[in-house]
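This report refers to the structure that appears directly beneath it.
The values are calculated or read from the model by the stated rules, or taken from the named source; none is laboratory data. This structure is a prediction, so every number in the text was calculated from the model and none was measured. As a convention, Cβ positions derive from the backbone with ideal geometry for all residues, glycine included, and neighbour counts pool all protein chains shown.
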Amino acid sequence: DAGVIQSPRHEVTEMGQEVTLRCKPISGHNSLFWYRQTMMRGLELLIYFNNNVPIDDSGMPEDRFSAKMPNASFSTLKIQPSEPRDSAVYFCASKGTGGEKLFFGSGTQLSVL
Amino acid sequence: SQQGEEDPQALSIQEGENATMNCSYKTSINNLQWYRQNSGRGLVHLILIRSNEREKHSGRLRVTLDTSKKSSSLLITASRAADTASYFCATDDTGGFKTIFGAGTRLFVKA
């Protein structure tokens, strides 16, 4: 199995631009999580899906952030408009039905100038 | 928001020594997990201990859990330079869906 696949690996954009991060979970996994990691705030859970349905988005910082999971094999996290304080590493993780451990992607390093 | 705190924030030891990291959490949990993160990489699961367990071993790893104190510790025995990484504890809420991470401990093992 290829594991959780995230793209792009690095993203550099200018303030005000729209940013879309992509994630392909492990095949057969039914839960998907988006985390953000910064030095100041550590690993924050932004949103998670179960069977493609958003269960808890209380960690999404602002309305500028949105996430979708149109099918079991794809999810996006969108920031519009982006701001410099959004600069962070964004991780996607998945786990299977009844599973307890998370499998992480390699992350997207986002820099908003 | 983060579930708990870890200490120490950073730990530097010599190869061959044991490393102990502690984690505290705030709410009732289903299980507690430890993950490792190498610089610039995603997190990798190390070990899981359920709320009804008190101790678990896996290779050079030993985890303890004290639910009355809402705390856990991770012991890495006979550390190696390759153990240099950040270590995070994570807890699943009693619903089993939501996994929240602590702030992490940065471990540096000197060869």
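Could you tell me which numbered condition residue B:78 fails, if it satisfies all but one of (1) in a loop (DSSP other than H, G, I, E, B); (2) out of contact with any Lys or Arg (no Cβ under 9 Å at 6 or more places or on another chain); (3) modelled with pLDDT of 95 or more; (4) not polar (S, T, N, Q)?
(2)
Among the residues of the range A:72-113 satisfying the criterion of being closer than 28 Å to residue B:31 by Cβ and away from every other protein chain (no Cβ under 14 Å), which is surrounded by the most Cβ atoms within 10 Å (Cβ to Cβ)?
Here the answer is A:75.
Could you tell me how many of the residues in the range B:1-24 are away from chain A (no Cβ under 14 Å) and not polar (S, T, N, Q)?
8
Kindly indicate whether residue A:22 is away from chain B (no Cβ under 11 Å) and charged (D, E, K, R).
yes
Quick test of your reading of the structure: residue B:64 fulfils all but one of (1) within 12 Å of the chain's Cα centre (by Cα); (2) in contact (Cβ under 8 Å) with a residue 24 or more places away in the chain. Name the failing condition by number.
Every listed condition holds for residue B:64 apart from (2).
Which of the residues spanning the range B:32-60 are outside any strand (DSSP E or B), in contact with a strand residue (DSSP E or B) (Cβ under 7 Å, 6 or more places away or on another chain) and among the small types (Gly, Ala, Ser)?
Scanning the range B:32-60 gives B:42, B:51.
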